[in-house]
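What follows is a short report on a single structure.
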Amino acid sequence: MNGHSGFAEFGQDIICAGISTLTIAIFNGITEVCKIKKVKINENDGFLSMHIPDNISKDDRKKVNILLDTLILAYEQLSELYPNEIKILR
């Protein structure tokens, strides 16, 4: 995730808040609900990345993929509602 949406002023931007909330919820799901503690997250002024190690079990990888697919679906749905503010790059 990179950048700010520009929908409103910093601190008032509901799109930025929504994207951030979704991302942190999925991170919490991976680390707290699925108990996969090896995940690292980096945050810096509008940029957020998650690193999930390759050496997790197949079962844990399946759980992570389900959560990440859910996150991507939510991003896609938001980008349909706010196409000028949210761009998904693949």
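The values are calculated or read from the model by the stated rules, or taken from the named source; none is laboratory data. Nothing here was measured: the structure is a model prediction, and the numbers come from that model. Note: ideal-geometry Cβ built from the backbone for every residue, glycine included; neighbour counts use all protein chains shown.
Quick check, is residue 82 more than 15 Å from the chain's Cα centre (by Cα) and touching a residue at least 40 places away in the same chain (Cβ under 8 Å)? It is true that residue 82 is more than 15 Å from the chain's Cα centre (by Cα) and touching a residue at least 40 places away in the same chain (Cβ under 8 Å).
In the range 37-49, how many residues are closer than 19 Å to residue 60 by Cβ and either touching a helix residue (DSSP H, G or I) at 6+ places or on another chain (Cβ under 7 Å) or in a strand (DSSP E or B) (or both)? Let's see the steps before the verdict.
Looking only at the range 37-49, we keep the residues that are closer than 19 Å to residue 60 by Cβ, and these are 37-41.
Retained after the next criterion (residues that are either touching a helix residue (DSSP H, G or I) at 6+ places or on another chain (Cβ under 7 Å) or in a strand (DSSP E or B) (or both)): 37, 39-41.
Result for the range 37-49: 4.
For the range 63-75, the set of residues classified as exposed (fewer than 12 other Cβ atoms within 10 Å of the Cβ) and either within 14 Å of residue 19 (Cα to Cα) or in contact with a strand residue (DSSP E or B) (Cβ under 8 Å, 6 or more places away or on another chain) (or both) consists of 73 only.
Look at residue 60 and say whether it is of a type outside the set (A, V, I, L, M, F, W, C), assigned to a helix (DSSP H, G or I) and surrounded by 15 or more Cβ atoms within 10 Å (Cβ to Cβ). First the steps, then the outcome.
Details: of a type outside the set (A, V, I, L, M, F, W, C): yes; assigned to a helix (DSSP H, G or I): yes; surrounded by 15 or more Cβ atoms within 10 Å (Cβ to Cβ): yes.
Criteria met by residue 60.
Please work out if residue 76 is modelled with pLDDT under 90 and out of contact with any Phe, Trp or Tyr (no Cβ under 8 Å at 6 or more places or on another chain). No. Annotation note: Cβ proximity below 8 Å between a residue of the range 28-54 that is over 22 Å from residue 14 (Cβ atoms) and a residue that is acidic (Asp, Glu) (sequence gap 6+ or interchain) occurs for 34/60; 36/60. Just so you know, in the range 1-36 the residues that are in contact with a Gly (Cβ under 9 Å, 6 or more places away or on another chain) and under 29 Å from residue 61 (Cβ atoms) include one that is modelled with the highest pLDDT, and it is 3. Can you tell me which residues in the range 37-52 are modelled with pLDDT of 90 or more and either among the aromatic types (Phe, Trp, Tyr) or exposed (fewer than 13 other Cβ atoms within 10 Å of the Cβ) (or both)? The one that is modelled with pLDDT of 90 or more and either among the aromatic types (Phe, Trp, Tyr) or exposed (fewer than 13 other Cβ atoms within 10 Å of the Cβ) (or both): 51.
Picking from residues in the range 55-79 that are under 12 Å from the mean Cα position of the chain (by Cα) and hydroxyl-bearing (Ser, Thr, Tyr), the one that is nearest to residue 15 (Cα to Cα) is 75.
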